[in-house]
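As structure tokens, the structure follows; a few thoughts come after it.
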Amino acid sequence: MSDKPGIVVTGASGRMGQTLVKLILASDHWQLVGCIERAGSPWLGRDMGEALGTGVLGQIITDDPLPSFARARAVVDFTSPEASVNFAKLAAQARLVHVVGTTGLAPDHHRALDLAAPHAVIIQAGNMSLGVNLLTRLTQKVAQALDLDWDIEVVEAHHRLKVDAPSGTALMLGEAAAQGRGTTLQDAKTPSRDGITGARTPGSIGFSAIRGGDIVGEHDVIFATSGERLVLRHIATDRAIFARGALKAAQWGLAQKPGRYDMMDVLGL
Ligand code: NAD
């Protein structure tokens, strides 16, 4: 029996889930103790290693999280908002570190995570990469330094299967820009543009989403004024950066008290 802490992957057959499982199997820090999928998934009942083509692992993909949560110290969760809220309740009961990478969380989902946080270490971020979290800090600082004569636009591009827009990362960048300006994104966000929109509202923050092919994730924060333009850009070419960030967060979470955290806390930014 390994003395490495146990970790569960939810959404194990998803793009992020598969990436996470491969990294965990190659890691010296974690022991994979559960692979969870949704009820009805065609992956249920299969051996995770066989399904990935890496050989039999003895980890059967299941829709029952309870037995593996009882053996784990942490769960990494890139699924859907409803699923993540449900996993947060179970993670709180089992006193686990719950790393939530799922995006598209509405205020109700955040409130449900808040309710679980007194009993679990919940680390949630719309983007788990070091580069994007640095970009977020830079965005806040630049927005703080520039006056309202500089228009702020966030442009993002993702693969054709992404279901939410703007991306969680774009919203995180918009929130940082709003904070830099001493306001909130709720007050500054421009609804998506189509048709006769009228001129741009001064001080607003706009969003545009591109969807196509297999784009992993690209984000530009554009600061535009008369005669000049500043563009801060992050390009992700491999989703392993998010998985590595999530595992770093889980490791960091093992030493924390229950509560809600984000990647800025993990990275000390
Ligand atoms: P995906 O559709 O490939 O995978 C999601 C998986 O979750 C699917 O296999 C699905 O069956 C499973 N799932 C859904 N409901 C479930 C449930 N109740 N129980 C167990 N499994 C369930 O999507 P993906 O590209 O892997 O992304 C997943 C989520 O992570 C999305 O919200 C995406 O935007 C987000 N994401 C976040 C980051 C980040 O850094 N925070 C990075 C990439 C993706």
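The values are calculated or read from the model by the stated rules, or taken from the named source; none is laboratory data. Every value quoted in this text rests on a predicted model; they were computed, and no experiment measured them. So basically every Cβ, Gly included, is an ideal-geometry build from the backbone, and we count neighbours across all protein chains shown. Protein only, heavy atoms only, side chains kept; ligands, DNA and RNA dropped before computing areas. Shrake-Rupley method; radii C 1.70, N 1.55, O 1.52, S 1.80 Å.
Odds and ends about this structure:
- Cα-based helix-to-principal-axis angle, 168-180 vs the chain, degrees rounded to 10: 50
- Sites A240 and L134, calculated FRET efficiency, Cβ-Cβ separation with R0 25 Å, nearest 0.05: 0.90
- Relative to the Cα centre, the charge distribution of the stretch 171-269, modelled as +1 at Lys and Arg Cβ and -1 at Asp and Glu Cβ, gives a dipole magnitude of about 140 debye.
- Cleavage-rule hits, chymotrypsin sites (Phe, Trp or Tyr not before Pro), the stretch 161-253, DSSP coil, Cβ neighbours within 10 Å at most 15: none
- Hydrodynamic radius of the chain per Kirkwood, over alpha carbon pairs, in Å: 19.5
- Restraint check, K141/K248; K22/K141; K22/K189; K162/K257; K89/K248; K162/K189, Cα-Cα greater than 28 Å: K22/K141; K22/K189; K162/K257
- Length-normalised contact order of the stretch 1-152 in % [C-alpha pairs under 8 Å, at least 6 apart]: 18
- Stokes-Einstein D in µm²/s, Kirkwood radius over Cα pairs - the stretch 123-265 at 37 °C with 0.692 mPa s viscosity: 205
- C-alpha center-to-center spacing [the stretch 36-93, the stretch 111-157] in angstrom: 28
- Between helix 15-25 and the chain: long-axis angle, C-alpha atoms, 0 to 90°, nearest 10: 50
- Surface share of carbon and sulfur [accessible, 1.4 angstrom probe, percent] for the stretch 146-257: 51
- The stretch 132-169: trypsin sites (Lys or Arg not before Pro) in DSSP coil with no more than 12 other Cβ atoms inside 10 Å: R160
- Separation of the D108 and T190 label points, Cα + 7 Å toward Cβ, nm: 3.1
- Unit charges at the beta carbon, dipole of the chain: most positive-side option, G212, A117, V163: A117
- The stretch 166-269: relative contact order in percent, alpha carbon pairs under 8 Å with at least 6 residues between: 17
- Compared with the dominant Cα axis of the chain, that is its longest principal axis, helix 240-253 is turned about 70°.
- Contact order, relative form, for the stretch 106-196: 32 percent (alpha carbon pairs under 8 Å, 6 or more residues apart, mean separation divided by residue count).
- Accessible surface, the chain, averaged per residue in Å² (probe 1.4 Å): 49
- Evaluated with a Cβ-only charge set (Lys, Arg +1; Asp, Glu -1), the chain carries a dipole of roughly 420 debye about its Cα centre, given to the nearest 20.
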